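**Q** A single structure is presented below for examination.
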Amino acid sequence: MKQIKYLTMIFALALIAFACKPTIDVPAPTAGTADFTTYVALGNSLTSGYTDGELFASGQKNSYPSMLAKQFTFAGRKGEFKQPLMLDEVGFGSRRKLALVTGTDGTASLGVVGYGGTVNPQNFTTTATVGPFNNLGVPGAKSYHLAFKGYGNPANAPNYNPYYTRFATSTTSSVLEDALAQNPTFYTLWIGNNDVLGYALAGGSSDVITPLPTFTASITAIVQALKAKGAKGVIGNIPDVTSIPFFNTVPYNALAITDAASVAALNKAYGNGALGISFKVGANAFVIKDPAAPMGMRQIKSTELVLLTLPTDSVKLKGWGSQKPIPANYILDETEIANIKKAVVDFNQAISTIASANGIPVVDMNTNFKQVQSGIIYNGMKFNAAFISGGVFSLDGVHMNARGYALVANYFIDAINSYYKSTVPKVEVSSYPGIIFP
């Protein structure tokens, strides 16, 4: 009888514990004051789904607009979300992958190599007949390109883009016109990164930062044209591009010298300190080109940045950075970094002003990516801005991988829900792949 009595008590306590278990009240998805019926996304490579150095089918399917479109479906979006998909995983042929690479010393290590595969010429042909397309992201586009008529026409080079050629509705159309023709009810706009990133990727050598008046006029024209159509939307601002892995993976002092004889020979060649250049056994700052320095060269400062594209074989086998100065297009010096940072601040202020004047929210990507750089925990997963291991950026060191784009999608959703009082559910970040290891 005691055993039965105890079992009854245990059963009763279990019922009480179950009855007291808290429940999570998840609000039903709603659009709030937004209207997601017809959604279009305008932007550059970050919008298109570009990753690992190329645009390819599976990357496009994991673009943040594609993720948003799925979530908007729960809150009223209608129809298919169309993207101008590549026919395969090769795209235009510049995709990269991780692989075991045998170095000059015969040892194998993990490295980034070309993806391989044969480029299909059909990837360069138009897909406009199966449009219109909701994802209007164009890799390489700057702010003023979106309203440029004939941006997909080769005759308009240098204001011509083969990625837009693939889905332009005509040889005289613009990306903005193609968006407006769909009578969108909602849009996302994330453009402007390339207005400063192109200069940064070129080491400040073969591109220029878009003048602020041009940038401001371009963003204003895009936003006002969409507003005139009755579309509501959201705009993303620009992260500090110098914080991405492309500029923070190769250390300034990555010149390793292991023997005293080599140190002595190099120091003698540079006048034993007469040129302000000296070496020691261990880690050393690279020698770089600088027309303003004695003999047109100097050692890089710890506050300056080395680009990810620096040819490591030239450092190992041709004496770059030691016997020969590294060309300026592989370096961002202090002046160039200052130019970049000022442009980002100015552009983001312009975006904020335009957004406020036109009644749309801003996704503060600048702050979000600063947090990523410091390291975040999202849905139990750790992320940071480290190359390969950080979990956010792809193998080109500039664009996100699929999980990184999922974070971006959720940043957009946060801003949309806050401003439009909607309850769009967030993307499950862990359901998307990170970098694929061999």
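**Q** Could you grab me the full set of residues in region 279-297 that are surrounded by 20 or more Cβ atoms within 10 Å (Cβ to Cβ) and either closer than 24 Å to residue 206 by Cα or among the basic types (Lys, Arg) (or both)?
**A** Within region 279-297, the subset surrounded by 20 or more Cβ atoms within 10 Å (Cβ to Cβ) is 279, 284-288.
Hits for region 279-297 are 286, 287, 288.
**Q** Conditions: (1) part of a loop (DSSP other than H, G, I, E, B); (2) in contact (Cβ under 8 Å) with a residue 60 or more places away in the chain; (3) crowded, with 16+ Cβ neighbours inside 10 Å. Residue 206 meets all but one. Number of the miss?
**A** (3)
**Q** Okay, moving on. As an exercise: evaluate residue 396 against (1) of a type in the set (Asp, Glu); (2) closer than 23 Å to residue 30 by Cα; (3) buried (at least 22 other Cβ atoms within 10 Å of the Cβ) and give the number of the one condition it does not meet.
**A** If we test residue 396 against (1) of a type in the set (Asp, Glu); (2) closer than 23 Å to residue 30 by Cα; (3) buried (at least 22 other Cβ atoms within 10 Å of the Cβ), just (2) comes out false.
**Q** Turning to a different aspect of this structure: Limited to region 102-158, what total is found for residues that are aromatic (Phe, Trp, Tyr) and under 18 Å from residue 181 (Cβ atoms)?
**A** The qualifying residues number 3.
**Q** Taking only region 135-145 into account, find how many residues are in contact with a Phe, Trp or Tyr (Cβ under 8 Å, 6 or more places away or on another chain), assigned to a loop (DSSP other than H, G, I, E, B) and surrounded by 19 or more Cβ atoms within 10 Å (Cβ to Cβ).
**A** 3
**Q** May I pose another question? Quick one: which residue in 90, 101 is in the same structural domain as residue 405 (by TED's automatic domain parsing), modelled with pLDDT under 95 and not in a helix (DSSP H, G or I)?
**A** Criteria check complete, one pass: 101.
**Q** Which of the following residues is crowded, with 22+ Cβ neighbours inside 10 Å, under 27 Å from the mean Cα position of the chain (by Cα), modelled with pLDDT of 95 or more and not assigned by TED's automatic domain parsing to the domain that holds residue 397: 69, 34?
**A** Exactly one residue qualifies, and that residue is 34.
**Q** Restricting region 310-351 to residues that are within 22 Å of residue 369 (Cα to Cα) and β-branched (Val, Ile, Thr), which is surrounded by the fewest Cβ atoms within 10 Å (Cβ to Cβ)?
**A** 345
**Q** Within region 118-134, how many residues turn out to be in contact (Cβ under 8 Å) with a residue 40 or more places away in the chain and assigned to a loop (DSSP other than H, G, I, E, B)?
**A** Qualifying residue count for the region: 7.
**Q** Also, I was wondering about something else. Can you say whether residue 316 is at pLDDT below 95, of a type outside the set (Val, Ile, Thr) and either part of a strand (DSSP E or B) or over 27 Å from residue 419 (Cα atoms) (or both), as far as the supplied structure shows?
**A** Values: at pLDDT below 95: yes; of a type outside the set (Val, Ile, Thr): yes; either part of a strand (DSSP E or B) or over 27 Å from residue 419 (Cα atoms) (or both): yes.
The answer is yes for residue 316.
**Q** Identify the residue in region 83-119 that is closer than 24 Å to residue 164 by Cα and hydroxyl-bearing (Ser, Thr, Tyr) and, among all such residues, is surrounded by the fewest Cβ atoms within 10 Å (Cβ to Cβ).
**A** 118
**Q** Check region 73-82 and report whether any residue there is buried (at least 17 other Cβ atoms within 10 Å of the Cβ), among the hydrophobic types (A, V, I, L, M, F, W, C) and either out of contact with any Lys or Arg (no Cβ under 7 Å at 6 or more places or on another chain) or assigned by TED's automatic domain parsing to the domain that holds residue 117 (or both).
**A** Yes: one or more hits.
**Q** Every residue in region 57-99 that is among the basic types (Lys, Arg) and within 22 Å of residue 168 (Cα to Cα), please.
**A** Across region 57-99, the qualifying residues are 61, 82.
**Q** Restricting attention to region 146-203, which residues are β-branched (Val, Ile, Thr) and surrounded by 21 or more Cβ atoms within 10 Å (Cβ to Cβ)?
**A** 175, 185, 188, 191, 196
The values are calculated or read from the model by the stated rules, or taken from the named source; none is laboratory data. Please read all numbers here as calculations on a predicted model, not as lab measurements. Virtual Cβ from ideal backbone geometry, glycine too; neighbours counted across all protein chains shown.
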